[in-house]
Amino acid sequence: MNEKDFGQKIRPWLDRSAGAIGEVQATRLRAARLRAMDHWQEPVRLLGVVAVGPGTVQTLKYSVLQQVLLWLPIIVLLATLAAKALAPEADLGELDAQLLTGELPIDAFLDEDFDQWLKNASGSGSF
């Protein structure tokens, strides 16, 4: 049974009941119907295939957004940990050896005026 056949079958029952409704109830029913029609919106096609109500689309959108916001800090934390684990560690002994065998004195690396010292050293020829 389709929608049109069902409407034809139920119409006599509805007409009989509508005659028993008073004027106040009829006015209230008309007002409720108009309010319902004001809130009705066209169905939205989801991916061009399935038609769903606008409320359902909004619910899907916000539930996906909430899931992304829930998992984003965890993914960032795991990515940071993975990058730290995969990055080569600096061998402190190797670093010390390079500093001690380098041509620059260690104080030059610690001095805030390193650029000035470098200019003076290169200008005097003792580099």
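Between Tyr62 and Arg30, residue separation times 0.36 nm minus the direct Cα-Cα distance comes to 8.1 nm.
With the simple spin-label model, which puts each label point 7 Å out from Cα in the Cβ direction, the Ala90 to Gln116 separation comes to 2.6 nm.
No value in this document is a laboratory result; all are computed from the given coordinates. Small disclaimer: the values here were computed from a predicted structure and weren't measured. Here the Cβ is made from the backbone with ideal geometry for all residues, glycine too, and neighbour counts use every protein chain on show.
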